[in-house]
């Protein structure tokens, strides 16, 4: 090899780590950059852009870019697209790397060398980091780095990323990175004419460069750098004149590379005593994907995940809420009433609380995901579940997002990041909020308790079976959500995919022990990103909802009216009451007045007026304006529906005991004496809450995960239309059969 | 498990082999993007492939190719035409 060293290290500003998924690239990135990293997104897409800084032995500081893992420079997913575009220098938002570090898994050399064969053709300064040689040598294999360097024509540095071995040598080698000069792998003779015809039509480039472009054009690659070349009339004429179909050229090109790879592997790898099928991974897999034990262990792991998100997170969420509430009290406690106090207490601190409350679930979810992904189990989980989910157009990897969504759609939507294929990821995001989350439970509880509980069935033959009826309705809510998700996902498969089958071609990586540092890092970056990105949107929308319930203020004459009406009822204090009892009665009376004013204020506010305005729209569903106000407030979080009704019905705090609210809604009547709330209204509301998209936090997270507003808005409209139609049919049909 | 080989030699595709069989890839067919990815993952004509197992629910398939483990749905495995390398044919109907 005659290539000269690229440059002195001072000429290097940026290096990029490229390599296959599961080659240990991120571990090496961490070893190179330590804590000096930042994680952002490539503009407009959800692919993570991880950059860090690294000090070279001579003190020179460079930027290190960790590219998404890719099997090929012909992209199959947004992640691979980014890796390809950065490496080809097609992204204006990212500097072209001065040195490419090709990270190669020594224990899986052949498949890893395929990408290297494409990187070599970029003709940019390059170093190969030969990673995981410890796994290879544990198997008795050895990879001769010197021989490999000779074959590739670039420096090859053995490293063990998670132990930091070889990292200094790699840093030192950057300055001696060389531009590879291996000739392009020859295609069989029958393609030579086509390649040279197209190559000759490409203007003003060296011959070998032209032929590489010609091969990519003939193989029907669609990368952005080819568009301009293809647009040239001479080139497009040459392309149409060739007799070969693109697939044949594509296949010949890949076969030529693997032909070369087989020869290289035979020369540099000493297989030793290694027998495929005898590794630790094979023995672990015999249990973990076993038809019986595998499914049992999978069930156990998923049950643990679910219980953790549902039950373990709960007290932590309570602590987060209390901490924010305590802070809020500290700030606003000494303040007199008024707009500023309400803004701070019910707007700002409630908004912050509404963001922070999700942190325990998100942190715990990513703790699980990081451990499962790093160990290699997540790919097995997808392998086990794919059959079930592919039937409705989802992916084996959709299982964890769906399961997490039963606790909360926010971690659920965030967990879809592990799904590489865009269509299946979007479908999963779209249907995840149909899973009945924990925020719906207080609503289900109130409605089922008020209309299918003791008050309804006491003294009837059904009384002993109340638990069964209530449990059955609760179960029906969960089943309805799952059905809606299945039908929607199937619709996505039909319309979104437009017939294109997304392949499930998934590597099952070697099992590894998760690196604690990497696990902590993932939990931290994902939680921090939720707080900074989705959190700000949730916070702003919370303030908007607060203002809608707070303004305009009830005029003084209206307050007086409510007060007079309240005072008109005589205050009864029994003659034998003690001083304490009398004080208690007076306090209760004052609290009643406060509740009555709050209720009148809410009715007078923008929310209350919207509730009145939309009454004609929601009346066919069986709802009056008070329910309408509750539905609007529930956009902050579904469980707010309950506390909002408590304000409308002026029953005070329902945190401890919902019975006064249950009694109040059952007693409420229209002017004509007809009850506002009937069991059919409750069922209609249950259907609405199962199906409706009523959560600004989820919408904010979907916006963040899909990189724009079109998907979250589509989801918002779609789910609410489905919910409206379903609740309408339920109420109209139900009330005709069972009576109002 | 030990059903006789189908009479049409061209009808042998990777999805029809039971765990334990070893096959050699003859060709990869089908729509370009999936065909390209199967080849890129190392399923090139001539390479030996061990069928390891099927997922408990019957699909996908797990194979070992070029020393690593790869899973693919039966739909995609049907795009890979193969010849049996095992002496006892282990093709499943």
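Please determine, in degrees from 0 to 90 and to the nearest 10, the orientation of helix A:535-550 with respect to the longest principal axis defined by the Cα atoms of chain A, where the helix direction is its Cα long axis.
The answer is roughly 20 degrees.
How high is the FRET efficiency between residue A:533 and residue A:123 when r is their beta carbon distance and R₀ equals 45 Å, given to the nearest 0.05?
About 0.75, to the nearest 0.05.
Which FRET efficiency, nearest 0.05, do residue A:490 and residue A:295 yield, Cβ-Cβ r, R0 30 Å?
Rounded to the nearest 0.05, the efficiency is 0.80.
Tell me, A:582, A:615 in order of fewest to most beta-carbon neighbours within 10 Å?
Ranking A:582, A:615 by Cβ neighbours within 10 Å, fewest first, gives A:582, A:615.
Given 20 °C and 1.002 mPa s, compute D for the range A:469-547 with the Stokes-Einstein relation, Rh being the Kirkwood radius over Cα pairs; round to the nearest whole µm²/s.
D = 118 µm²/s.
Which whole-angstrom value gives the distance between the alpha carbon centres of the range B:60-89 and the range A:483-553?
The range B:60-89 and the range A:483-553 have Cα centres separated by 34 Å.
With each pseudo-label sitting 7 Å past Cα toward Cβ, what's the residue A:717-residue A:96 distance in nm, one decimal?
In this crude spin-label approximation the distance works out to 4.3 nm.
Mean separation of Cα pairs under 8 Å and 6+ residues apart, divided by the residue count of chain A: what relative contact order is that in percent?
10
Could you work out the percent of alpha carbon pairs in the range A:205-294 separated by over 19 Å, rounded to a whole number?
When all Cα pairs of the range A:205-294 are counted, 63 percent exceed 19 Å.
Starting at 0 and stepping by 20 Å, how many percent of the alpha carbon pairs of chain A end up in each bin?
14, 40, 28, 15, 3, 0
Starting from a Cα-only point model with no solvent, please compute log10 I(q)/I(0) by Debye for the range A:154-246 at q = 0.13 1/Å.
-0.59
On C-alpha positions alone, give me the angle between the axis of helix A:679-691 and the longest principal axis of chain A, in degrees, nearest 10.
With rounding to tens, the tilt is 20 degrees.
Once the mean 1/r over all distinct Cα pairs of the range A:286-346 is inverted, what Kirkwood radius in angstroms do you read off?
15.1
Classify the range A:584-626 as rounded, prolate or oblate from the Cα gyration tensor: take a ≥ b ≥ c as the square roots of its eigenvalues, call it rounded if a/c is under 1.5, otherwise prolate when a/b beats b/c and oblate if not.
Note, shape of the range A:584-626 comes out oblate.
Report the extension gain between residue A:475 and residue A:558 in nm, rounded to one decimal, defined as 0.36 nm multiplied by the number of residues separating them, less their alpha carbon distance.
25.4 nm
Put one equal scatterer on each alpha carbon of the range A:1-144, apply the Debye formula with no solvent term, and list log10 I(q)/I(0) at q = 0.22 1/Å to two decimals.
Per q value, in the given order, log10 I(q)/I(0) is -1.50.
Per the Kirkwood treatment, what hydrodynamic radius in Å, one decimal, follows for the range A:326-483 from the mean inverse distance over all distinct Cα pairs?
18.8
Rule-of-thumb check for the range A:312-402: C-alpha Rg over 2.2 N^0.38 Å?
Here the Cα radius of gyration is 1.67 times the empirical estimate.
Could you please rank A:418, A:578, placing first whichever residue has the fewest other Cβ atoms within 10 Å of its Cβ?
Listing A:418, A:578 from fewest to most nearby Cβ atoms yields A:578, A:418.
If a/c stays under 1.5 just call it rounded; otherwise compare a/b with b/c (prolate if a/b is bigger, oblate if not). Do that for the range A:394-457, with a ≥ b ≥ c from the square roots of the Cα gyration tensor eigenvalues.
prolate
Scale the Cα Rg of the range A:72-163 by the rule-of-thumb value 2.2 N^0.38 Å and send over the ratio, two decimals.
Normalised by 2.2 N^0.38 Å, the Cα Rg of the range A:72-163 equals 1.15.
Could you give me the percent of Cα pairs per 10 Å distance bin for the range A:578-654, shortest bin first, beginning at zero and ending with the bin that holds the maximum distance?
For the range A:578-654, the binned pair fractions read 20, 41, 23, 11, 4, 0 percent.
For A:58, A:98, which order do you get if you count the other beta carbons within 10 Å of each Cβ and list the fewest first?
A:58, A:98
Could you tell me the distance between the Cα centroids of the range A:88-114 and the range A:198-248, to the nearest Å?
Each part reduced to its Cα centre gives a spacing of 24 Å.
Inverting the mean 1/r over all pairs of different Cα atoms, compute the Kirkwood radius of the range A:58-99 and quote it in Å.
About 11.2 Å for the range A:58-99.
Let me know the whole percent of all Cα-Cα pairs from the range A:81-221 that are separated by more than 24 Å.
Within the range A:81-221, distances greater than 24 Å cover 41 percent of Cα pairs.
Once Rh is set to the Kirkwood radius over Cα pairs, what Stokes-Einstein translational diffusion coefficient, in µm²/s, holds for the range A:132-185 at a temperature of 10 °C and a viscosity of 1.306 mPa s?
Estimated diffusion coefficient is 128 µm²/s.
Over all Cα pairs of the range A:241-371, how is the pair count split among 10 Å bins, expressed in % and running from 0 up to the last occupied bin?
Cα pair-distance distribution for the range A:241-371, in percent: 10, 17, 15, 15, 15, 13, 10, 5, 0.
With a point put 7 Å past each Cα toward its Cβ, work out how far residue A:513 is from residue A:169 in nm, to one decimal.
With each label point 7 Å from Cα toward Cβ, the separation is 2.3 nm.
Hey, if you drop one equal point scatterer on each alpha-carbon of the range A:259-299 and run the Debye formula without solvent, what base-10 log of I(q)/I(0) do you get at q = 0.17, 0.31, 0.34 Å⁻¹?
Values, matching the q order: -0.62, -0.97, -1.01.
If each residue of separation counts as 0.36 nm, what is the full-extension length gain between residue A:575 and residue A:38 once their alpha-carbon separation is subtracted?
186.1 nm
Please report, in cubic angstrom per residue, the volume enclosed by the convex hull of the alpha-carbon atoms of the range A:408-522.
171
I need to check one value: relative contact order of the range A:1-151, counting alpha carbon pairs closer than 8 Å and at least 6 residues apart, in percent.
Computed value for the range A:1-151: 24 percent relative contact order.
Semi-axes of the range A:168-323's equivalent ellipsoid from the Cα gyration tensor, sqrt of 5 times each eigenvalue, largest first, rounded to whole Å?
50, 26, 21
On a 0 to 90° scale, report how tilted helix A:78-87 is relative to the longest principal axis of chain A, with both axes built from alpha carbons and the result rounded to the nearest 10.
40
Take the Cα gyration tensor of the range A:588-740, multiply each eigenvalue by 5, square-root it, and list the three semi-axes largest first, rounded to whole angstrom.
Listed largest to smallest, the semi-axes of the range A:588-740 are 27, 21, 13 Å.
Quick check: convex hull of the Cα atoms in the range A:440-596, volume per residue, rounded to a whole Å³?
Taking only Cα atoms, the range A:440-596 has a hull volume of 371 Å³ per residue.
Just check the range A:526-608 against the gyration tensor rule for me: Cα atoms, a ≥ b ≥ c as the square roots of the eigenvalues, rounded for a/c under 1.5, and otherwise prolate or oblate depending on whether a/b exceeds b/c.
oblate
Given the range A:234-283, what whole percent of its Cα pairs are spread farther than 14 Å?
72
If I stretch the segment between residue A:243 and residue A:588 completely, what's the gain in nm (0.36 nm per residue apart, minus their alpha carbon distance), one decimal?
Stretched out fully, the residue A:243 to residue A:588 stretch lengthens by 115.1 nm.
Just the number, please: Stokes-Einstein D of the range A:431-486 in µm²/s, Kirkwood Rh from C-alpha pairs, 10 °C, 1.306 mPa s.
In µm²/s, the coefficient is 131.
The numbers here are math on the coordinates, done by the rules we state, and not lab data. Predicted, not measured: the structure shown is a model, and the values here were computed from it. Ideal geometry is used to build each Cβ from the backbone, glycine not excepted, and the neighbour counts take in all protein chains shown.
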